[in-house]
1. Based solely on C-alpha atoms, express the radius of gyration and the Dmax of chain A in angstrom.
2. Taking the Cα-to-Cβ direction at B:Thr162 and at A:Ile22 and moving 7 Å from each Cα, how far apart do the two end points lie in nm?
3. Past 20 Å, Cα to Cα, is the threshold; run B:Lys164/B:Lys211; B:Lys131/B:Lys216; A:Lys57/A:Lys114; A:Lys45/A:Lys91; A:Lys45/A:Lys68 against it and keep the listed order.
4. Tabulate in residue order the Karplus-calculated ³J(HN,Hα) for the range B:127-142, using 6.51 cos²θ - 1.76 cosθ + 1.60 with θ = phi - 60°, rounded to whole Hz; enter x for Gly and Pro.
5. On a full-extension model of 0.36 nm per residue, what is the gain between B:Arg118 and B:Asp222, subtracting their alpha-carbon distance, rounded to one decimal in nm?
6. Order these by the 10 Å Cβ neighbour count, fewest first: B:Tyr219, B:Tyr197, A:Tyr33.
7. At a Förster distance of 30 Å, what's the computed FRET efficiency of B:Thr177 paired with B:Asp208, Cβ-Cβ distance as r, to 0.05?
8. Apply the Karplus parameterisation 6.51 cos²θ - 1.76 cosθ + 1.60, with θ equal to phi minus 60°, to every residue of the range B:177-188 and state each ³J(HN,Hα) to the nearest whole Hz, in sequence, with x for glycine and proline.
Amino acid sequence: MIQPQTLLNVVDNSGAQKLMCIRVIGAAGNQRYARIGDVIVAVIKDALPQMPLERSKVIRAVIVHTCKEFKCEDGIIIRYDDNAAVIIDQKGNPKGTRVFGAIAEELRELNFTKIVSLAPEVL
Amino acid sequence: MQSLLRNVCRAGNRGAAARLLEFAAPVATQPPSSAIKHLRPCGFTPPTGLDQFLCVQNRFISRDGVPASSGFCAKVLMTRGLSTVGTAEVAEDEDDSSSPAVEHPPRIKFKRPDKTARHIMNILNKEAVEKVRTEREIPDVQPGCIIQMRLQVPENKRRESTLKGIVIARRNAGINTTFRLRRLVAGVGVESVFPLYSPNIKEMKILDRKKVRRAKLYYLRDRMNALKK
C-alpha cells in the first residue's frame, strides 16, 4: 500500500538509495494505493555520490516489495519486511544493471521480465 | 415434515431456509396439500424446482395418508439427486426422516435448518481433511518449528523450490488451515502464508522445534537474529 510521501528502498545498482513516492500511476484522484507491480512516480531522496542518478530527480519506479501482504493466485500470501522499488525508464526497462533481493514471480506477467531475469532469487 | 415447514415460515431468514428447504425437499414429501396451503399464506415462494415438485406431488397425492405418499416419495428420492460431495450424508438424512418403513442410519436431527447446515459443513470439512491426510504425510507444524519444505509452482516452469524458515503462526480452519513461515531471502525478511493442505506443497520436514511460549511469534519481526528466521 504505497501512497504519496511513502519512502521506499531501492534494490538495484542505479545509484539511488531512497525514493519518496509522489504519484501512483493509474490512480483515480490519487485515491488508490500502489501494490507490487504498480508503477509510481518518485523523487530521489538519497543517492550515492558520482552516479548518473542524483538527489531530487523525478523518476519512475516499479514496486517490488511491500509490507502489505500480496496474495498469489495459488493461495499463498507474501509479505516483505520493507517497501522497495526498482527504478525504470518510460518503457519498463530497469535503469540499473543488477537487482538485489527477492522478486515475486508475478512481475513476469506484468512485462517486467528483465527485472525478474536479473533477480538473484525469484519468489 | 410439518415442523420443518413451520420453522421455515416462521424464521425470517428466507435465504438459508430456502436453500435448506430445497435440499430437504424429498424430506418434505409428507405434505398433504394442507402443507402447501401453509406455504402460500406466508408469502414464501419456493424456488421453481421445488414448485413443480410440489405440484407433481399434488397431482399424485391420495387422501389416504402416509403409506401412499411414502411409496411415492421413495420413488422420487431416486430421481432427485443432489450434486454435492456430501451426498452420502444427505441421502441418509432424507431416508431417515422421510418414511418410518426404512431403517434408521445415524440420526441427524432436523429441527433447525441453519444448525443442520453448519453440521453438514463440518462433516464435509472433516472429510476433505481426511482425504488429504491419507494421500500425503503432513507433519504437525506448530509455531516455533523450523521446517524445510519443497514447493512446486505449477505455472509455466514447474520448478520445485526449497524453502526453509521458522513457523511463526498457525491458523486452524479445517481444510483451510494455514501457517505462516518467516525466512530470510537475499537479505530481506519474507513472511509467507501457506495453506497446510495445499497440493503444491510436495514435502515438509521438521528440522528443529524451538520452545516458545506464544501461539503467534510476531515479536520475531523486530528481532533480526543471526539464526534462521
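Values quoted throughout were computed directly from the atomic coordinates according to the rules given, and no laboratory measurement underlies them. The structure presented is a predicted model; accordingly, all values stated were derived computationally and were not measured. Counting neighbours? That spans all protein chains shown, and the Cβs are built from the backbone with ideal geometry, glycine included.
1. When restricted to Cα atoms, chain A yields Rg and Dmax of 13.4, 44 Å.
2. The modelled label-to-label distance comes out at 4.8 nm.
3. Numbers: B:Lys164/B:Lys211 18 Å; B:Lys131/B:Lys216 28 Å; A:Lys57/A:Lys114 23 Å; A:Lys45/A:Lys91 23 Å; A:Lys45/A:Lys68 22 Å.
Among B:Lys164/B:Lys211; B:Lys131/B:Lys216; A:Lys57/A:Lys114; A:Lys45/A:Lys91; A:Lys45/A:Lys68, the Cα-Cα distance tops 20 Å for B:Lys131/B:Lys216; A:Lys57/A:Lys114; A:Lys45/A:Lys91; A:Lys45/A:Lys68.
4. Per residue, the Karplus-derived 3J(HN,Hα) values read 4, 5, 5, 4, 4, 5, 5, 6, 6, 10, 8, 10, x, 7, 8, 10 Hz.
5. Numbers: separation 104, 0.36 × 104 = 37.44 nm, distance 4.04 nm.
Difference between extended and current length: 33.4 nm.
6. Values: B:Tyr219 10, B:Tyr197 19, A:Tyr33 13.
Placing the least packed residue first, the sequence is B:Tyr219, A:Tyr33, B:Tyr197.
7. Details: r = 21 Å, r/R0 = 0.72.
The calculated FRET efficiency here is 0.90.
8. Result, ordered by residue: 4, 10, 9, 10, 10, 10, 8, 9, 10, 6, x, 10 Hz.
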